[in-house]
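In what follows, a single structure is set out as C-alpha cells and then discussed.
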Amino acid sequence: MKVLVAVKRVVDYNVKVRVKADGSDVDVANVKMSMNPFDEIAVEEAVRLKEAGKATEIVAVSMGVKQCEETLRTALAMGADRAIHVETDAELQPLAVAKLLKQVAVKEAPQLVILGKQAIDDDANQTGQMTAALLGWAQGTFASKVELGDGSVNVTREVDGGLETVKLSLPAVLTTDLRLNEPRYVKLPNIMAAKKKPLDKTSPADLGVDVTPRLKTLKVAEPAKRSAGVKVANAAELVAKLKNEAKVL
Ligand code: AMP
C-alpha cells in the first residue's frame, strides 16, 4: 500500500515572527525554516505504518520554492522512500496546493494521503479538506489515532469535548492532530542515506494546474502590546481597583 505525505516548508516554530515594516506580510528574510510540525507527525505516522508492515512505499511531496528540497530530504531521512518536488516561486494558497496534490495523487494512486491539520504559517486548515473534496475521497481530519483495516481505516478524531471514531473506505485523506504520535529524532546516518534517495521534480505547468492566488492579503499586524501592570498593597486595594477602575465587580 502506497502512502503519499504532504510536507510544507514553514518558518520554524521556535522563531518569533516579525511583520514587515509596510504591514504587507510576515518577514521571512534570514529566518530559520523547517518542516511544518504537523507534517512531521504525518511522516512519522506513514513510517510507523511501513514499520508495521501495512504500508509498502512512502512518497513525500512538497510544493514551493527550491529550498523545499531540504524539507523533502528531512522527510526522506525520517523514512520516506522517495520525494516529489512541485517547484514554483509563485505564492501558493491552500486551493492551489490541493489542486496540485490531487494531480500528484491521481498519478501516484496512493491508498492514503496524509497531511498536517494546518500549516503554522497561514493557519488555514483547508488543504486536506479541499484535497479530499477534489479527489472525491473520504476524509478523516484531526486524527489522534489511525488504525488501518482491510480496505478501510478507522480514524479517531479530537472533537470538542471528546473523541469521535470514524471508519473511512480507502483511498482516503487524513490530517494529523498533535497527539497522533511523537516524531522520531533523525539520526546522522539516516540524513546521509537520504541524500541518495530519489527526488523528482515537476511543476504546476507539468501538472496542468493554474495556481493564481484567489485571495489577497490586505494587512498583517502584530498583536497589540500589553500595557504594564501595577502592584497593589493588599487585597482591599485590589478589590477597590476592580470595582472602581476596571468596573468588573
Ligand atoms: P493549511 O491548509 O495551509 O493549513 O495546510 C495544511 C496541510 O497541507 C499542511 O500541514 C501540509 O501537510 C499541507 N500543505 C499545505 N501547503 C503545502 C505545500 N506548499 N507543500 C506541501 N504540503 C502543503
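Per-residue 3J(HN,Hα) values for the stretch 188-193, derived from phi via the Karplus relation 6.51 cos²θ - 1.76 cosθ + 1.60 with θ = phi - 60°, read 3, x, 5, 5, 5, 5 Hz in sequence order (x marks Gly and Pro). Of all beta bridges that DSSP places with both ends in the stretch 1-154, some 35 percent have antiparallel geometry.
Against the chain, whose longest principal axis comes from its Cα atoms, helix 235-244 is set at around 90 degrees.
At 1.4 Å probe radius, can you tell me the per residue accessible area of the chain in Å²?
Numbers: 14130 Å² over 249 residues.
Using a 1.4 Å probe on heavy atoms only, each residue of the chain averages 57 Å².
Taking amide H atoms as placed 1.01 Å from N in the peptide plane, the amide H of residue 33 lies under 5 Å from those of 12, each 5 or more residues away in sequence or on another chain. Whole Å is fine, so just give me how far the alpha carbon centre of the stretch 1-63 lies from that of the stretch 72-130. Measuring centre to centre over Cα atoms gives 9 Å. Expressed as a whole percent, the accessible area of the stretch 2-244 that falls on carbon and sulfur atoms is 52 (1.4 Å probe). Between the listed residues 240, 23, 3, the Cα displaced farthest toward the positive end of the dipole of the chain, a dipole computed from Cβ unit charges relative to the Cα centre, is found at 240.
A simple packing score, the average count of other Cβ atoms within 10 Å per residue, orders the peptides 31-40, 10-19, 224-233 as 31-40, 10-19, 224-233, with the highest score first. When only Cα pairs below 8 angstrom with a gap of at least 6 residues are kept, the chain shows a relative contact order of 23 percent.
A cut-off of 5 Å between modelled amide H atoms, ignoring neighbours fewer than 5 places along the same chain, links residue 145 with 156. Here the chain is assigned +1 on the Cβ of each Lys and Arg and -1 on the Cβ of each Asp and Glu. Its dipole about the Cα centre then comes out at about 440 debye. Applied to the stretch 119-130, the Karplus parametrisation 6.51 cos²θ - 1.76 cosθ + 1.60 on θ = phi - 60° returns per-residue 3J(HN,Hα) values of 8, 6, 8, 8, 6, 6, 6, 10, 4, x, 4, 5 Hz, with x for Gly and Pro. For residue 5, the residues whose amide H sits under 5 Å from its own are 59, 60, 61, 114, ignoring neighbours fewer than 5 places away on the same chain, with H placed 1.01 Å from N. Taken one residue at a time, the phi angles of the stretch 51-66 give Karplus couplings (6.51, -1.76, 1.60, θ = phi - 60°) of 5, 7, x, 9, 10, 10, 9, 10, 10, 9, 10, 9, 10, x, 5, 3 Hz. Gly and Pro are set to x.
About the centre of its Cα atoms, the stretch 169-249 shows a dipole size close to 280 debye [charges on the beta carbon of Lys, Arg (+1) and Asp, Glu (-1) only; nearest 20 debye].
The values are calculated or read from the model by the stated rules, or taken from the named source; none is laboratory data. Please read these numbers as outputs of a predicted model, since none were measured by experiment. Positions of Cβ are generated from backbone atoms using ideal geometry, with glycine treated the same way; all protein chains shown enter the neighbour counts. For the accessible areas, the whole protein counts, side chains as well, though only heavy atoms, and no ligand, DNA or RNA atoms are used. Shrake-Rupley method; radii C 1.70, N 1.55, O 1.52, S 1.80 Å.
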